[in-house]
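Engineer: Mind having a look at this structure? Questions to follow.
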2 protein chains.
Amino acid sequence: MPRRKQRTEDWRQVLRDAGLRGTSARIELLELLARSPRPLTHQEAVEGLPQVETDRSTLFRALQDLTSAGLVRRLDLGDRVWRYERVVATADAAGEAVPHPHLLCVDCGNITCLTDDDVQVKLPKRLGTVEDVLLKGHCADCKES
Amino acid sequence: MPRRKQRTEDWRQVLRDAGLRGTSARIELLELLARSPRPLTHQEAVEGLPQVETDRSTLFRALQDLTSAGLVRRLDLGDRVWRYERVVATADAAGEAVPHPHLLCVDCGNITCLTDDDVQVKLPKRLGTVEDVLLKGHCADCKES
DNA sequence: CTGTAGATGCAACTGAGTTGCAGAAAAATA
DNA sequence: TATTTTTCTGCAACTCAGTTGCATCTACAG
């Protein structure tokens, strides 16, 4: 575990590599998201960053910026609140984290990330083409109950 | 096709059977939803009922009431707006008795109702079970452009 | 060290949806 | 039909997530 200062510099570099300036709001936010085991809402991010005094709109914009820079992913899980999760760099050659299907558990609210191998969706072309898949149901932990 | 007056009385009866009073706002709303080939938002319902002068909140409440009475189904299609579609009691040919997959067009925002025959979703049981399917993509009208 | 593109704070705004309350209108009843 | 009871509606004010315009500030390239 690197020293605090060092971590900060690491995140700053991540931001800079993504073409964004390394401001404290973004650094703290990015670290919070990377630390979190689940996607966070804007509100949760505010609460998770008591040490950072930023305006609401700044944090909204930071989340937008991180999203369009590809550092985090924005999820709409059907409860009318955006959630953001750190995009974990995959072993993908291009280094791009590709969108994948999600399963939203209607019991516990957890999200299960799925692969295209897990879910096979077929839609006749005449009806349209599919970009993203959201399943609602019972996750592995809840399905037996 | 029954006369206008007759239709109104039919809908009034449907409402009464569901334990709701047959007010003009609800009758017109229910008929609009029954006529619509796709789920409607509150806003779309307002626009679809220019002849009905109701307060916004009344229509919101009417949609709530119809939903809790089981006459319509409320859908969250992930674009932060509730949509409502008529629930037909009998599994009629044209009716939409059971929940079914929907395709949300990311271009035009339109909703396409799908059947279980249109969409085949397979998810390994170890990952969970599926209750509802929401696809995001390009609808038939938008996909070529 | 400086100029500037980009980031921030502030305040005002949007848009969906909710709520409290008084008055109005269905339905029930007499 | 008239009266009472119950439910619904209109209004206005509110919440909550998110956005926007603009003046100011700052990270960082040169």
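A quick yes/no check of all residues on (1) of a type in the set (Val, Ile, Thr); (2) part of a loop (DSSP other than H, G, I, E, B); (3) modelled with pLDDT under 85:
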residue	(1), (2), (3)
A:GLN6	no, no, yes
A:GLN13	no, no, no
A:ILE27	yes, no, no
A:PRO37	no, yes, yes
A:GLU47	no, no, no
A:VAL52	yes, yes, no
A:TYR84	no, no, no
A:ALA91	no, yes, yes
A:ALA94	no, yes, yes
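Engineer: For region B:19-47, enumerate the residues that are open to solvent by less than 40 Å² (accessible area, probe 1.4 Å) and within 15 Å of DNA strand D (Cβ to nearest atom).
Structural biologist: Passing the criteria: B:LEU20, B:GLY22, B:ALA25, B:ILE27, B:GLU28, B:LEU29, B:LEU30, B:GLU31, B:LEU32, B:LEU33, B:HIS42, B:ALA45.
Engineer: On to the next question. Specify the residue that is nearest to A:ARG73 (Cα to Cα); the eligible residues are those in region A:110-145 that are more than 7 Å from every other protein chain (Cβ to nearest Cβ) and in contact (Cβ under 8 Å) with a residue 24 or more places away in the chain.
Structural biologist: A:ILE111
Engineer: Shifting gears a bit: Taking only region A:45-56 into account, find how many residues are in contact with a Leu (Cβ under 8 Å, 6 or more places away or on another chain) and either under 28 Å from B:TRP82 (Cα atoms) or within 14 Å of chain B (Cβ to nearest Cβ) (or both).
Structural biologist: Result for region A:45-56: 2.
Engineer: Also, I was wondering about something else. Which of the following residues is at pLDDT below 90 and either within 11 Å of DNA strand C (Cβ to nearest atom) or within 14 Å of another protein chain (Cβ to nearest Cβ) (or both): B:LEU63, B:LEU75, B:LEU59?
Structural biologist: When all the criteria are applied, what remains is B:LEU75.
Engineer: Failed condition for B:LEU15, given (1) farther than 15 Å from B:GLN64 by Cα; (2) within 15 Å of DNA strand C (Cβ to nearest atom), with all others met?
Structural biologist: (1)
Engineer: Take the residues in region B:48-78 that are among the acidic types (Asp, Glu) and farther than 18 Å from B:PRO99 by Cα; name whichever of them is nearest to DNA strand D (Cβ to nearest atom).
Structural biologist: That would be B:ASP55.
Engineer: Do the conditions hold for B:THR129, that is, is it of a type outside the set (Lys, Arg) and touching a strand residue (DSSP E or B) at 6+ places or on another chain (Cβ under 6 Å)?
Structural biologist: Judged against the criteria, B:THR129 is a match.
Engineer: If I ask for residues that are assigned to a strand (DSSP E or B) and within 20 Å of A:ARG21 (Cβ to Cβ), which ones from region A:54-82 would you list?
Structural biologist: Across region A:54-82, the qualifying residue is only A:VAL72.
Engineer: Still on this structure, I have one more. Kindly indicate the residue of region B:109-123 that is open to solvent by 40 Å² or more (accessible area, probe 1.4 Å) and more than 18 Å from the chain's Cα centre (by Cα) and also modelled with the lowest pLDDT among those meeting that condition.
Structural biologist: So, considering only residues that are open to solvent by 40 Å² or more (accessible area, probe 1.4 Å) and more than 18 Å from the chain's Cα centre (by Cα), the one modelled with the lowest pLDDT is B:GLN120.
Engineer: Determine whether B:ARG74 is under 29 Å from A:ASP141 (Cβ atoms) and either free of Cβ contacts under 8 Å to residues at least 12 places away in the same chain or in contact with a Cys (Cβ under 9 Å, 6 or more places away or on another chain) (or both).
Structural biologist: Yes, satisfied.
The values are calculated or read from the model by the stated rules, or taken from the named source; none is laboratory data. Predicted model only: the values in this text are computed from it and were never measured. Because the Cβ atoms are built from the backbone with ideal geometry, glycine has one as well, and the counts that use them run over all protein chains shown. Accessible surface is based on the protein model in full, side chains and every heavy atom, while ligands, DNA and RNA are left aside. Shrake-Rupley method; radii C 1.70, N 1.55, O 1.52, S 1.80 Å.
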